[in-house]
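Q: Handing you this structure, nothing more for now.
The values are calculated or read from the model by the stated rules, or taken from the named source; none is laboratory data. Just so we're clear, the structure is a prediction, and the values are computed from it rather than from any experiment. Cβ placement follows ideal geometry from the backbone for every residue including glycine, while neighbour counts extend to all protein chains displayed. The area values use the complete protein model at the heavy-atom level, side chains included, leaving out ligands, DNA and RNA. Shrake-Rupley method; radii C 1.70, N 1.55, O 1.52, S 1.80 Å.
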Amino acid sequence: MTDYKEEQRNEIEALQSIYPDEIEIIEEEPFYIFKMKVVPQDAENFPDHAMSAVLQFTYTSEYPDTAPIMELDSTENMDYSQQDLLMEFMKTQAQENLGMAMIFTIISAVQERMTSMMEQAAKEEEEAAERKKKADEEAERKRFEGTRVNVESFMVWKLKFDAERAEMRRLKGYSDGQAKKPTGKKLFLADQSLNDSDVKFLQAEGDTLEVDESLFENMGDLELDDEDDESDDPDYKPGDEDDDD
């Protein structure tokens, strides 16, 4: 007849020697209840995803021929989905090891599974960051590239553009001819009063025009009057000066 109590005491002593700092005995009677903290390997290399779990075990009257009662007392950096997966994994391990002391095997398997979960979480975050980076780069490239234009899309745009311009002219009361503003030359030819507009402006402001008379001191030497008068005579011919002598 199997002495379950003896096997359970022996396993507890072995666990205390292997995990002196991790195991915590909660009760001894009628059956052992204890907790074990499990941390994945290389957790220090994944500070943003380092996880841990405190597992609680309760022996049954016929343990190890029956599975112990297992619970997740607490977890760190694990979501509900990860917790559920871990519990199912522990139950599977217990069923595979019925008939022998199994706590050490379960704890070792859980540590490996948590290590994989931690590494997977870090990998998924890195991949998500890379996807976001590529998406941002693609959006930036398209922003500078603009929209590709073909004949059909250009005609659609032009029809819309022409309709918008026509509507703007209608709202402003302009026709196509009125929409064009007169140039400075046209304004000047249409209104001769613009010839002395600057002078009138200066006079209105009280300013005076000063002329440097020295610029005109030698004008007599140019003999412009005679030449201008002769050139203005329609009967004038070159050489008439000599006939007068």
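Q: So is residue 33 surrounded by 12 or more Cβ atoms within 10 Å (Cβ to Cβ) and under 22 Å from residue 109 (Cβ atoms) or not?
A: Working: surrounded by 12 or more Cβ atoms within 10 Å (Cβ to Cβ): yes; under 22 Å from residue 109 (Cβ atoms): yes.
So residue 33 fits the description; yes.
Q: For residue 87, which of the numbered conditions (1) over 16 Å from residue 117 (Cβ atoms); (2) touching a Leu at 6+ places or on another chain (Cβ under 7 Å) fails to hold?
A: Going through (1) over 16 Å from residue 117 (Cβ atoms); (2) touching a Leu at 6+ places or on another chain (Cβ under 7 Å) one by one, residue 87 breaks only (1).
Q: Give all pairs with beta carbons closer than 6 Å in which a residue from segment 141-162 that is among the charged types (D, E, K, R) and at pLDDT 75 or above meets a residue that is surrounded by 10 or more Cβ atoms within 10 Å (Cβ to Cβ) and not in a helix (DSSP H, G or I); count only pairs at least 6 apart in sequence or on separate chains.
A: none
Q: Turning to a different aspect of this structure: Does any residue of segment 101-121 turn out to be assigned to a loop (DSSP other than H, G, I, E, B), surrounded by fewer than 14 Cβ atoms within 10 Å (Cβ to Cβ) and at pLDDT 85 or above? Before the answer, list the steps.
A: Taking segment 101-121 as the starting set, the residues that turn out to be assigned to a loop (DSSP other than H, G, I, E, B) are 101-102.
Subset that is surrounded by fewer than 14 Cβ atoms within 10 Å (Cβ to Cβ): none.
No, because not a single residue in segment 101-121 is assigned to a loop (DSSP other than H, G, I, E, B), surrounded by fewer than 14 Cβ atoms within 10 Å (Cβ to Cβ) and at pLDDT 85 or above.
Q: What number of residues in segment 41-61 are hydrophobic (A, V, I, L, M, F, W, C), in a strand (DSSP E or B) and crowded, with 17+ Cβ neighbours inside 10 Å?
A: Start the filter on segment 41-61 by keeping residues that are hydrophobic (A, V, I, L, M, F, W, C), which leaves 43, 46, 50-51, 53-55, 57.
Filter once more, so that each one left must be in a strand (DSSP E or B): 53-55, 57.
Now drop any that are not crowded, with 17+ Cβ neighbours inside 10 Å, which leaves 53, 55, 57.
Matching residues across segment 41-61 total 3.
Q: Just to check your reading of the model, which residue among 90, 78, 70 is open to solvent by less than 80 Å² (accessible area, probe 1.4 Å) and part of a helix (DSSP H, G or I)? It would help to see each step written out before you state the result.
A: On the way: 78 fails: part of a helix (DSSP H, G or I); 70 fails: part of a helix (DSSP H, G or I).
Answer to the selection: 90.
Q: Please go through (1) under 14 Å from residue 107 (Cβ atoms); (2) open to solvent by 70 Å² or more (accessible area, probe 1.4 Å) for residue 96 and return the number of the only condition it doesn't satisfy.
A: The single condition residue 96 does not satisfy is (1).
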